[in-house]
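Visitor: This is the structure, below, for whatever I ask next.
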């Protein structure tokens, strides 16, 4: 259905419904009302027509949608719930993987949506949440384009490589195909404070990476093996999505590149503005494109919570140490 037909359909539905409602209100409240009630009848008729216009506008919006491309944003650090495991925020509130995946699925279920635009401005984040968003992108039935604005690094590129095409701005930062495992080491500080570490575990490596004790060499090898396994997975996923060899990907050594450099290396298909991406969709779909942004619908309490996290971070909560729910202290992220 063309955009002209959609606009005409919306107008006819709203205008026709409003006219019918106005006529009905006039007959009900004016024509057949007592003379003393004429003024009140006119007001009621106009009020009824206004209510009808609002209701019919909503119906028209669903029956004759004005969009055919869905935009879903991935912005900020990628985590499961936007804050990570730590109840005290250690970074700006970022991309909530479950919500983003839900919005992609919602767009896929919308009959008006023919294509998906994934807007990325993220330094990366947690491994599994990044994979979950990519899986949602790959489930989408239709053309998918990733558009890197400022930064599309690490977990962001993990997601982008699952799209049919990747676009970036020439000065965008793209790449960082690698995995980081980190742990704070406070064993010397604990010794100076007279704090001793004692933990009861079952399984030799259950407390591997605990910050309060020096890491043993076999523990180091064990944790490095996990990092290497995640890196192999990352390389496989990029090779699969970008049709590049594993050698080409590993040769980047997790470097970041500007958009035009990334294009030369095959990490990006093209560079351009948002308008250029829209033109690409019009070329792909063969019709005029209108984009609608799909965002999660959060209640008042959820919005207050997200705002509180941002404020806490802004006032220095980001200095808190990152310790996971099990007290392991060792984190994996892209």
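Visitor: Nearest 5 percent is fine: what portion of the DSSP beta bridges confined to region 137-286 is antiparallel?
Guide: Approximately 25 percent, going by the DSSP bridge assignments.
Visitor: Could I ask something else about it? As a footprinting exposure proxy, order 257, 231 by other Cβ within 10 Å, with the fewest listed first.
Guide: Ordered from fewest to most neighbouring Cβ atoms within 10 Å, 257, 231 come out as 231, 257.
Visitor: Hey, another quick one. Rank-order 179-185, 115-121 by packing density, defined as the average count of other C-beta atoms within 10 Å over each peptide's residues, highest first.
Guide: The packing order, highest mean first, is 115-121, 179-185.
Visitor: Contour minus end-to-end for residue 138 and residue 106, with contour as 0.36 nm per residue of separation and end-to-end as the Cα-Cα distance?
Guide: 10.1 nm
Visitor: Starting from the Cα gyration tensor of region 129-170, take the square roots of the eigenvalues, sort them a ≥ b ≥ c, and report rounded, prolate or oblate (rounded when a/c is under 1.5, otherwise prolate if a/b is larger than b/c, else oblate).
Guide: Since a/c reaches 1.5 but b/c is at least a/b, the shape of region 129-170 is classed as oblate.
Visitor: Measuring from label point to label point, each 7 Å out along Cα→Cβ, what is the residue 245 to residue 190 span in nm?
Guide: 4.7 nm
Values in this text are rule-based calculations from the coordinates and carry no lab data. Because the structure is a prediction, the values reported are computed rather than measured. All Cβ positions, glycine included, derive from the backbone under ideal geometry; neighbour counts span all protein chains shown.
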